[in-house]
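Engineer: The structure that follows is given in the form of structure tokens.
Where a number appears in this text, it was derived from the coordinates with a stated rule and is not lab data. Bear in mind that the values here come from a model prediction, so they are computed numbers and not experimental data. Heads up, the Cβs are rebuilt from the backbone with ideal geometry, glycines too, and the neighbour counts pull from every protein chain shown.
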Amino acid sequence: MSPTSKPSAGGATNLWSRLKSASRKRADGAAESPEASEAGAVPSGWMPRSIAWRLIFFSTLVVGLAFLVGGLVLSRLFFWHAITTTNRQLEDILSNLALDVSIQQTDPQARALVEVDRSGQETAFNSPFSGKYWQITEPNGDIHRSDSLLDFELKVPPVVRPGDVVIDTRPGPEGQTVLQRHRAVYYRDFGLVMRLSAAVDISEVRALHRSFNVYLGISLIVIGAVLVAGIFVQVTLALRPLRRAQEHLKQVRRGESVNMGGGQGYPPEIVPLVEEIDALISDNQTIVERARKQVGNLAHGLKTPLSVLQNEVQGDTSALGNTVRGQTASIQEQVQRYLALARSVAASQQRGVQTKVSEVAMPLMRTLGKIHRDKGLVFSSQISPELLFAGEHQDLQEMLGNLLDNACKWAKAEVQLSAGRSDHGLVICVEDDGPGVPDDKLTALGARGQRLDEQTPGTGLGLSIVKDLAEVYKGSLTFERSTALGGLAARLVFEER
């Protein structure tokens, strides 16, 4: 297969280039516009780009902070409650101790004898360093203490008036930290003020507090994990309509649907967005239809002057007549080509248009088989009946027709057409068993203004048209040596829209 191309006429308007440039600007306008770039900019740095992950991140952050503050408050409340309970126990010990004190004084001038009834006291007060202690300090400094203190003396702050209570924390026996409660008790009958002290080792309270913190932390972590999982599920379900809208929009872009259904089945928060997108699609279709009408009017407007020129020089064998006749024919040919491409540009912007590849390919191969019956060509194809091309029937027919026609011109005995889907999108490959093209000239195929073989009949526009049409549909045309037949393989690739 040796494709050819022909230089474009100098007088032909470069309509196609302008249309293609406008199409690119239209598609990339948002990316090229500084305002759009600023409006659509996403925060950089540590901020997640995804809306879902932002919601999960901030929700988790709020839950974590709430649990942290709540955990600290609960921990302090527990410790405060434990200390308050211990203080009440100390107050009970002091109240009972005050009742256990007995004073005897037979002579007012003699020293009063102070005794403490230990019979009804807890056994902890009789065990050395048990963690519970009491002490009575007489006005003269004499001390009565529980057996649990042995010879250890509690540090008693000065108590000024009877009824005053002092609470403090001091080192106790055996290095214990004890919570002390001191009270001054006035024995009116004897005119004596005794300083009563009770102490409890708070290491057990602190150990209990630490244990509570551990269990509290584990509980908050478990509850937090459950809440984060719930947040993840909630965000996933909440954003599901957006994912459904994205899939619906992909269907519109691929031509599987003409619009998004007017918001039916979407939650109220998403309906305005879907309706605006549908309105945008409708406006775009209106603009495209208007452009197609204008292209048709242009075609009719150019046809008449060109016909007049051709009629004027018909039969004129002069050099001028031949030149005018040749140039008008070239202009008419180029105009028809660019008008066809312009219509294709408009058609490619329409959504919901699809064409079955097999319905275009099979009739073309039958027709070309009849045209080239003298060569006895064998046509083979590998096309799924349900394979779809997202575009106009006429445009696919134009592309496949040119590729198959070029293959038939150069094939010796066989032409093969295969089509299918790959990771890149729709792939159509036309191969022949002809002489092929040298590797160093493959890049020149389809280029305007060049013909690799001047002796093969044809207009010279075939592959150039195919290349331009492929670009309209965001596709590409490439050439390589056929591994199956040994000739040339022309490959069309159309990305998923």
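Engineer: Take the Cα gyration tensor of the stretch 354-494, multiply each eigenvalue by 5, square-root it, and list the three semi-axes largest first, rounded to whole angstrom.
Structural biologist: Working: eigenvalues 91, 65, 42 Å².
Three semi-axes, in Å: 21, 18, 15.
Engineer: Show me 379-390, 175-186, 207-218 ranked by packing, highest mean number of other Cβ atoms within 10 Å first. Please report the intermediate quantities before stating the final value.
Structural biologist: Details: 379-390: 15.4, 175-186: 18.2, 207-218: 12.8.
Final packing ranking: 175-186, 379-390, 207-218.
Engineer: Which ³J(HN,Hα) values in Hz, rounded to whole numbers, follow from the phi angles of the stretch 309-317 under the Karplus curve 6.51 cos²θ - 1.76 cosθ + 1.60, where θ = phi - 60° and Gly and Pro get x?
Structural biologist: Couplings: 4, 5, 5, 5, 9, 5, x, 7, 9 Hz.
Engineer: Let me ask something else about it. Which entries of Lys409/Lys474; Lys250/Lys474; Lys250/Lys356; Lys409/Lys467; Lys303/Lys467 show an alpha-carbon separation above 21 angstrom in the structure shown? Kindly include the intermediate steps, with their values, before the conclusion.
Structural biologist: On the way: Lys409/Lys474 28 Å; Lys250/Lys474 15 Å; Lys250/Lys356 19 Å; Lys409/Lys467 19 Å; Lys303/Lys467 26 Å.
Where the Cα-Cα span goes over 21 Å, the pairs concerned are Lys409/Lys474; Lys303/Lys467.
Engineer: Is the shape of the stretch 73-229 rounded, prolate or oblate, going by the alpha carbon gyration tensor and its root eigenvalues a ≥ b ≥ c, with a/c under 1.5 for rounded and a/b larger than b/c for prolate? Let's see the in-between values first.
Structural biologist: Details: a/c = 3.33, a/b = 2.64, b/c = 1.26.
Because a/c hits 1.5 or more and a/b exceeds b/c, the stretch 73-229 counts as prolate.
Engineer: So, one more: When Ser95, Ser318, Ser119 are ordered from fewest to most other Cβ atoms inside 10 Å of their Cβ, what list results? The partial results should precede the final answer.
Structural biologist: Numbers: Ser95 13, Ser318 9, Ser119 5.
Fewest-to-most Cβ neighbours within 10 Å comes out as Ser119, Ser318, Ser95.
Engineer: Tell me, Trp410, Trp134, Trp80, Trp53 in order of fewest to most beta-carbon neighbours within 10 Å? Working shown, then result.
Structural biologist: On the way: Trp410 20, Trp134 26, Trp80 10, Trp53 14.
Least to most surrounded, the residues fall as Trp80, Trp53, Trp410, Trp134.
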